[in-house]
Structures are given as structure tokens and as C-alpha cells.
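What follows is a short report on a single structure.
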Amino acid sequence: MKILQIIVVFILAFLMLSGAFYHLYAPESYSNFIPEFFPETLAHILSSIAEASIGIALLIPKYRKRGGLGFVLLMIIFLPIHIWDLTKDIPAIGTKMAAGVRIVIQLVLIAAGWWIYKSQPKAKSRVEM
């Protein structure tokens, strides 16, 4: 794997693992992003499990392709939350500008996850082994 891809993999894995940790350690930092109709504790638990699973998968070469796809899907799932935040009078992330930048970063992260997913070799089936 090329050095840039390795760097991107470790950055994405770090983001996922640190996000998983902070959903449990400092859940209040994410609370304003959770829609009122969704149970907050459940949101933190599910997000933490998903982020930890994806972060670990990205670090294990055998599961990296799945981790890349999982990362893309999770970022797509989170994208409407960030768009919703941009539409608020006072975004949870701070200013309207910060909320807009966050959406651009989200799109870059989606592209990075897709790049990792597409660059990994196809997993061999048990029949081929």
C-alpha cells in the first residue's frame, strides 16, 4: 500500500476511535448534534460501537476494505445531521461558517473513505482458497 494511503487509513482510524471514546467519555460534546426525537444515550452507544468497529477494521488489513466502506456509510448517515446543524439559527458547532466548513470536511472524508475502500484488493472467497 502506498504511504499516502497508509497515512489516510491511520487518520481515519484515529478519527473513528477517538470519536468512539468521546461518545462515552464526554457525550455532552455531541449532544447538540443529536435530534431531539432520538434517545440521546442510545445515540451515543450506537455511534460509539459503529465508530470503534470501523476504526478497528481500518487498522486490520484483512478488514480494511470493509472498514473503508463502513466509514463512507457512517459519514453519509451523519451528513444530514451536519446539514440540519447548518440550518439552525445557532449551529451546535459554533458559527454558520464553521457548520459550512464541517460539511465540506465531511465530503472530503467521504471521498477519503471511498478511496480506501476502492484501493483495497477484493477479499478471496473460501472457495478460491
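Values quoted throughout were computed directly from the atomic coordinates according to the rules given, and no laboratory measurement underlies them. Computed from a predicted structure; not experimentally measured. Neighbour counts are summed over all protein chains in view; Cβ atoms, including those assigned to glycine, are modelled from backbone coordinates with ideal geometry.
Roughly how many Å is it from the Cα centre of the range 52-129 to that of the range 28-45, as a whole number?
Centre-to-centre distance over Cα atoms comes out at 19 Å.
Quickly work out the residue 76-to-residue 45 label distance, labels modelled 7 Å from Cα along the C-beta direction, and quote it in nm with one decimal.
Distance between the two pseudo-spin positions: 2.7 nm.
Regarding the chain, what whole-number volume in Å³ per residue does the convex hull of its Cα atoms give? Can you show the working numbers first?
On the way: hull volume 14.8 nm³, N = 129.
For the chain, the hull spanned by Cα atoms encloses 115 Å³ per residue.
For the range 18-77, place one equal point scatterer on every Cα, skip the solvent, and apply the Debye formula. What is log10 of I(q)/I(0) at q = 0.16, 0.22, 0.29 Å⁻¹?
Once normalised to I(0) and log-transformed, intensities are -0.52, -0.85, -1.15.
Could you give the longest part of the chain that holds none of the GluC sites (Glu not before Pro) found in DSSP loops with at most 13 neighbouring Cβ atoms within 10 Å?
Longest gap between qualifying sites, sites excluded: 37-127.
Among the trypsin sites (Lys or Arg not before Pro) in the range 1-67, which ones are in a DSSP loop with at most 13 other Cβ atoms within 10 Å of the Cβ? Mind listing them?
When the trypsin sites (Lys or Arg not before Pro) of the range 1-67 are filtered for loop state and at most 13 Cβ neighbours within 10 Å, 2 remain.
Fewest Cβ neighbours within 10 Å first, please rank 104, 9, 72 accordingly. Walk me through the numbers on the way to the answer.
Numbers: 104 10, 9 24, 72 21.
Starting with the residue having the fewest Cβ neighbours, the order is 104, 72, 9.
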